[in-house]
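See structure below.
What follows is calculated from the coordinates using simple rules that are stated; it is not laboratory data. Since the model is a prediction, treat every value here as computed from it, not as a measurement. No Cβ is skipped: glycine too gets one built from the backbone with ideal geometry, and neighbour counts run over all protein chains shown.
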Amino acid sequence: SEYSQEPPRHPCLKINSKEPFNAEPPRPALISSYVTPVDFFYKRNHGPIPIVDDMERYSISITGLIDNPKQLFMKDIWNLPKYNVAATLQCAGNRRTAMSKTRTVKGVGWDVAAIGNAVWGGAKLADVLELVGIPKLTSVTPSGGKHVEFVSIDKCKEENGGSYKASIPLSQATNPVADVLVAYEMNGEPLNRDHGYPLRVVVPGVIGARSVKWLDSITIITEECQGFFMQRDYKMFPPSVNWENINWSSRRPQMDFPVQCAICSLEDVNIVNPGKITIKGYAVSGGGRGIERVDLSIDGGKTWVEATRYQKAGVPYIADDMSSDKWAWVFFEANVDIPKSAEIVAKAVDIAANVQPENVESIWNLRGILNTSWHRVEVRVGR
Ligand code: MTE
Ligand code: MO
């Protein structure tokens, strides 16, 4: 079958769909280190993993509304200045399974681990675009190009056998500060096949769907990409919209992800001994907005305590500080006394004071994306 040449994967991964392969690590494995090991990094695919074996011949073409289209080979990308950017990638479908419990949604089910933090190594897209004559900080090319479309090698059935694709605004693509990468490394190793070998785009602070893997070409276009995953998926609809009254063109494709956090040291339901327990998890916001605070409650949200936050163990995290990784998650931790059975709740606040919504009902949407409701787990004190 078309899935007969999939790469090997770590046995700890929880498989949510086998073909295409969609899997996430168990909660405790996810927070075992700040930089997520490649093996434990969630894998989100819409088709079979393509095979690229001739690196000499592999190239990406850059075409569209530009004067001098070009074909770039690996050596052209390697020759550009290399950047290492710590960035958290999160699938918009993270925590979908929990949203589906309120009212059924359509899509692959995910627990809280469709997210990971890696150090991506590669060239800045802004430098790549300069090779075809587009200067830094351009929002429109002389011929009217306003968006940068990434087209991949992989084929998926949603595109009717066409390629997975997405776009971002040209202004973001040509802004070096946005740190958009054409990446060839993940955690210091060449990208593996699951994560986009040989080249993928990484758009920090934006839902994972825009970080196109297995890059084939880049097109400068006037309107945003018209592909399935931009126009018919990954849009946030209000709770009133159902499959009968949906009007896809009424909403924008989702770009930045909202503020999010999840407890990973506990499962949905836990039996614990009376006494102290450690509550640990991750918090992250989109658009490079750092995490201002993580609040925890052990009485279902009536009273709250603040958790400590860090990126590097032992170093307190300060949002918006030069020493912090701007695009990366923070871990939070607190030791709390659990006198009796309780609902433990976590919510994060970002530096723009955005707060996670209390209930999933208010943000329920038919595609089940962006479940950022307060994360709740149950502890039952037993012996
Ligand atoms: N790129 C291609 N070519 N094909 C895909 O199916 N999935 C997207 C994105 N890029 C996808 C893709 C989605 S929805 C997400 S969340 C991320 O890749 C997942 O990246 P990962 O598998 O490296 O974690
Ligand atoms: Mo995704």
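Label separation (Asn242 vs Ser139): 4.2 nm, computed from points 7 Å beyond Cα along the C-beta direction. Computed from point charges on the beta carbon alone (+1 for Lys and Arg, -1 for Asp and Glu), the dipole magnitude for the range 37-98 about its Cα centre is near 380 Debye. Of the beta bridges in the chain, as assigned by DSSP with both residues counted there, near 90 percent are antiparallel.
Residues whose amide H falls under 5 Å from that of Val381, counting only those 5 or more places apart or on a different chain, are Val272, Ser341, Ala342, with hydrogens built in the peptide plane.
Cut-off under 20 Å on the C-alpha distance; same-chain residues fewer than 8 positions from Lys75 excluded. Which lysines are left, in chain and number order? Partners within reach: Lys124, Lys213. Qualifying GluC sites (Glu not before Pro) in the range 188-279, where qualification requires a DSSP coil assignment and no more than 12 other C-beta atoms within 10 Å, comprise Glu223, Glu244. Potential lengthening of the chain between Ser61 and Asn84 amounts to 5.9 nm, from the contour at 0.36 nm per residue minus the alpha-carbon distance.
The chymotrypsin sites (Phe, Trp or Tyr not before Pro) of the range 182-275 that DSSP puts in a loop, and whose beta carbon has at most 11 other beta carbons within 10 Å, are Trp243. In the range 260-381, what percentage of the DSSP-assigned beta bridges are antiparallel, given to the nearest 5? The answer is about 90 percent antiparallel. Once divided by 2.2 N^0.38 Å, the Cα radius of gyration of the chain becomes 0.99. Which pairs break 30 Å Cα to Cα here: Lys165/Lys326; Lys18/Lys347; Lys146/Lys312? Among Lys165/Lys326; Lys18/Lys347; Lys146/Lys312, the Cα-Cα distance tops 30 Å for Lys18/Lys347; Lys146/Lys312. Projecting the Cα atoms of Asn187, Pro8, Trp78 onto the dipole axis of the chain, where Lys and Arg carry +1 and Asp and Glu carry -1 at the beta carbon, places Pro8 farthest toward the positive end.
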